[in-house]
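Chemist: Submitted below is the structure of interest, expressed as structure tokens.
The values are calculated or read from the model by the stated rules, or taken from the named source; none is laboratory data. If you're wondering where the values come from, they're calculated on a predicted model, not measured in any experiment. Please note: Cβ atoms are built from the backbone with ideal geometry, for glycine as well, and neighbour counts cover all protein chains shown. Remember, those area values only see protein heavy atoms, side chains included, never the ligands or the DNA or RNA. Shrake-Rupley method; radii C 1.70, N 1.55, O 1.52, S 1.80 Å.
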Amino acid sequence: MSAAPDITAHLLAWFDRHGRHDLPWQHPRTPYRVWLSEIMLQQTQVSVVAGYFERFVAALPDLPALARAPQDEVLALWSGLGYYARARHLHTAAKLCLERHGGELPHDLDALIALPGIGRSTAGAILAQAWGDPAPILDGNVKRVLCRVFGIEGWPGQPVVEKRLWAIAESLLPPTRLADWTQAQMDFGATLCTRANPACALCPLQDVCVARRDGRIADLPAPKPGKPLPQREAHLLLAEDGEGRVLLQRRPPTGVWAGLWSLPQLDDAAQARAWFCDHLRGDASATQALLPIEHAFSHYRLRLHPLRARVEGLKPRIADNDGLRWARRAELSAIGLPAPIRKLLQEQTA
DNA sequence: AACTCGGGGAC
DNA sequence: GTCCCAGAGTT
């Protein structure tokens, strides 16, 4: 674990050289423009927001103009950005600012959070960027960076993890340069400590990063737990003849492993036995069940139950065609096999 | 704590 | 195709 002053100092120095200093909402950086940009940037990437932001502030350049605008105009300016509740909340909040705060954005954490569309992180970003207040933020960038630098386990969206991240974010606040600090964290996460393939070799925190130290850059932050994938079962027939050859069957032209050579695959044990009796000469009762193979697809998990058997050959009626072939072990490396099948064959014929 | 809300970019 | 993105509000 490293000291907070080191992290902030390194990150601010990095920001001075490599941060983004020319974003549209930075010039001029007024509370209204900061607010609008933060709302637009919720769950939306900078490159997408930039054009919408410029169009929006050209039409509605300040808070009173937004408050006076009809909702249809606000929604039209938002059209294409998505999450349209953001636009409605923005509009409502502007009108509330006229009533409650003299037509300006309140310079106060609780008053900001009381406005629709502004949560703790957006409020912190507004306070820090518009007024230089020592307020933490916790967006996707900061979550990712903190999980890596401090080696935080668990999905960052989980409330208990989020609570811990807020505490760390609070503890890192530097005594000065709060606007730059806020922007530095986001620029760092967005351009260097990226989700995939972070540029660790260029990282100012590479010597203090726990994930880097432990070789766990790819594992942190933990991904959102997905819904459990459906589990399917299938049975494989690993049939070997007297010459040590293995019987392969070509996969159908559609579906998983389409067109690859694999082992005869059946839905259940009874069908596997029936297939054996239909196609093979040998003792169907003298088979050896091997340990199941687990394989994950994007949309389901497949548990394969291999059944190993010594056979004399194919039945006379079954020609060595229609998707069946015998393969010597030495040939296997040149045949297109599914990865789990190749692994199984390597283990079983080694 | 889980769900909803959009559209797009990166892979 | 999946996952995520400068999250917040609702249930």
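Chemist: A:Y83 - would you say it is at pLDDT below 95 and either aromatic (F, W, Y) or within 16 Å of DNA strand C (Cβ to nearest atom) (or both)? Don't jump to the end; show me each part of the working.
Modeler: Details: at pLDDT below 95: yes; either aromatic (F, W, Y) or within 16 Å of DNA strand C (Cβ to nearest atom) (or both): yes.
In short, yes.
Chemist: Which residue, of A:S79, A:S47, A:S37, is open to solvent by 80 Å² or more (accessible area, probe 1.4 Å) and of a type in the set (S, T, N, Q)?
Modeler: Details: A:S79 fails: open to solvent by 80 Å² or more (accessible area, probe 1.4 Å); A:S37 fails: open to solvent by 80 Å² or more (accessible area, probe 1.4 Å).
Result: A:S47 is the single residue among A:S79, A:S47, A:S37 that is open to solvent by 80 Å² or more (accessible area, probe 1.4 Å) and of a type in the set (S, T, N, Q).
Chemist: Specify the residue that is farthest from A:L173 (Cα to Cα); the eligible residues are those in segment A:96-125 that are buried (at least 21 other Cβ atoms within 10 Å of the Cβ) and in contact with a His (Cβ under 9 Å, 6 or more places away or on another chain).
Modeler: Applying the filter and picking the extreme gives A:L115.
Chemist: Those residues that are in contact (Cβ under 8 Å) with a residue 40 or more places away in the chain and away from DNA strand C (no atom under 16 Å from the Cβ), I need them from segment A:151-172; list them, please.
Modeler: A:G151, A:S171, A:L172
Chemist: Could you list, in sequence order, the residues of segment A:86-112 that are within 12 Å of DNA strand C (Cβ to nearest atom) and farther than 21 Å from A:V49 by Cα?
Modeler: A:L96, A:L109, A:L112
Chemist: A:A93 - would you say it is away from DNA strand B (no atom under 16 Å from the Cβ), of a type in the set (G, A, S) and in contact with a Gly (Cβ under 8 Å, 6 or more places away or on another chain)?
Modeler: Values: away from DNA strand B (no atom under 16 Å from the Cβ): yes; of a type in the set (G, A, S): yes; in contact with a Gly (Cβ under 8 Å, 6 or more places away or on another chain): yes.
Considered against the rule, which asks whether it is away from DNA strand B (no atom under 16 Å from the Cβ), of a type in the set (G, A, S) and in contact with a Gly (Cβ under 8 Å, 6 or more places away or on another chain), A:A93 comes out as yes.
Chemist: Could you tell me whether segment A:253-263 includes any residue that is at positive phi and either within 16 Å of DNA strand C (Cβ to nearest atom) or modelled with pLDDT of 95 or more (or both)?
Modeler: Step one: filter segment A:253-263 for residues at positive phi, giving A:255, A:257, A:259.
Filter again for either within 16 Å of DNA strand C (Cβ to nearest atom) or modelled with pLDDT of 95 or more (or both), leaving A:255.
Checking segment A:253-263: at least one residue is at positive phi and either within 16 Å of DNA strand C (Cβ to nearest atom) or modelled with pLDDT of 95 or more (or both).
Chemist: Does A:L60 fit the bill of being within 10 Å of DNA strand C (Cβ to nearest atom) and free of Cβ contacts under 8 Å to residues at least 24 places away in the same chain?
Modeler: Working: within 10 Å of DNA strand C (Cβ to nearest atom): no; free of Cβ contacts under 8 Å to residues at least 24 places away in the same chain: yes.
Here the answer is no, as A:L60 does not meet what is asked.
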